[in-house]
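The values are calculated or read from the model by the stated rules, or taken from the named source; none is laboratory data. What you see is a predicted model; the values in this text were computed from it and never measured. A quick note on method: Cβ atoms are made from the backbone with ideal geometry, for glycine too, and the neighbour counts reach across all protein chains shown. Accessible surface is based on the protein model in full, side chains and every heavy atom, while ligands, DNA and RNA are left aside. Shrake-Rupley method; radii C 1.70, N 1.55, O 1.52, S 1.80 Å.
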Amino acid sequence: MKKALMVGSMVFVVMLSAGLYLSIDKEQRQLLSYWWLDWQHTTQSPTQHYTLFLGSSSIARLPDNMLEDCKPFVKNGFSNGTTENVSEYLANASLHNVARVVVYIGENDIARGEPAQVTVQQVIDLVDAIKTKTEAPIALVKLKYSPARQQSHAAFMRFNQAIDAQYAKSSRVSLLPFDTLKQRLFYVSDGIHLNGQGNAKFTQFINSFCREFD
């Protein structure tokens, strides 16, 4: 009888948790799933170090088979992601066994009208937050000049220049030149996301960073 009650209680808790999970919005569900993966890495594979990719859909859409030099890795990318999404994730992330961190964020913030200098400071704050949680090297990716976001290119340039000034001499933070991918031939029809050729170029920069800090 006691065993049946215990099983029934467990089923109730699982159903309640599932209901609560489904009741929250997509961004919060994504956060919960990323925290869960983080917890699994920390508790179940505490000695397995991995590369953490963090940022917007440019991170989420990276092809796994083009990241050979960064394995094992975790991609925590947010669709239409902003610095606020990454900040929320970092608030409860462990990063205990992260070997390297690759961050691409800020493009959507600026494209939505946020001043470049505000986004720069938010990204600097994110990098500082990462540093409090891990000693792993950090690759900060400069913003790409998406053809469909030409009206934001001047602000993207101000962002990239400010990031250059902040981290050019840093031994802890590497800058990846995503800003060199300007030609439309690197993008899918929406003019924002990379195609196979563009991702091949992008992952060259990333794999080089991973090899450097292997």
> To the nearest 10 degrees, how steep is helix 116-133 against the longest Cα principal axis of the chain, on a 0 to 90 scale?
Replying inline: 50 degrees
> Does region 161-214 classify as rounded, prolate or oblate by the C-alpha gyration tensor (a ≥ b ≥ c root eigenvalues; a/c under 1.5 gives rounded; else a/b over b/c gives prolate, otherwise oblate)?
Replying inline: oblate
> What trypsin sites (Lys or Arg not before Pro) in region 129-214 are in a loop by DSSP, with at most 16 other Cβ atoms within 10 Å of the Cβ?
Replying inline: K169, R172, K182
> Which one of H96, Y34, A165 is farthest out on the positive end of the charge dipole of the chain, using unit charges on Cβ (Lys, Arg +1; Asp, Glu -1) and the Cα centre as origin?
Replying inline: Y34
>> Ignoring everything except DSSP H segments at least 4 long, calculate the 222 nm mean residue ellipticity for the chain; use -39,500 (n - 2.57) per segment, divide by total residues, nearest 500.
In response: -16500 deg cm²/dmol
>> If you filter region 45-128 for trypsin sites (Lys or Arg not before Pro), then keep DSSP loop positions with at most 13 other Cβ within 10 Å, what is left?
In response: R112
> Count the lysine pairs in the chain that are 8 or more places apart or on different chains: how many have C-alpha atoms under 15 angstrom apart?
Replying inline: 5
>> Helix 153-167 against the longest principal axis of the chain: what's the angle in degrees, Cα atoms only, rounded to the nearest 10?
In response: 80 degrees
>> Let's test this: bin the Cα-Cα distances of region 66-214 at 5 Å from zero up to the farthest pair and state each bin's percent.
In response: 2, 9, 19, 23, 23, 17, 7, 2, 0
> Accessible area, 1.4 Å probe, largest first: how do Y89, Y34 sort?
Replying inline: Y34, Y89
> Got a number for the accessible area of H96? Probe 1.4 Å, square angstrom, nearest 10.
Replying inline: 120 Å²
> Can you give the accessible area per residue of the chain, in Å², using a 1.4 Å probe?
Replying inline: 52 Å²
>> Report the Cα centroid-to-centroid distance between region 188-214 and region 136-175 in angstrom, as an integer.
In response: 15 Å
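Note down, for region 123-205, the three equivalent ellipsoid semi-axes (square root of 5 times each alpha carbon gyration tensor eigenvalue), biggest first, whole angstrom. Let's see the in-between values first.
Numbers: eigenvalues 129, 45, 22 Å².
Listed largest to smallest, the semi-axes of region 123-205 are 25, 15, 10 Å.
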> At a probe radius of 1.4 Å, what is the per-residue accessible area of E27, in Å² to the nearest 10?
Replying inline: 90 Å²
> Round to a whole number: what % of the accessible area of the chain belongs to carbon and sulfur, probe 1.4 Å?
Replying inline: 56 percent
> Each residue of region 170-175 in turn: what ³J(HN,Hα) in whole Hz from Karplus with 6.51, -1.76, 1.60 and θ = phi - 60°, glycine and Pro shown as x?
Replying inline: 7, 8, 9, 10, 9, 9
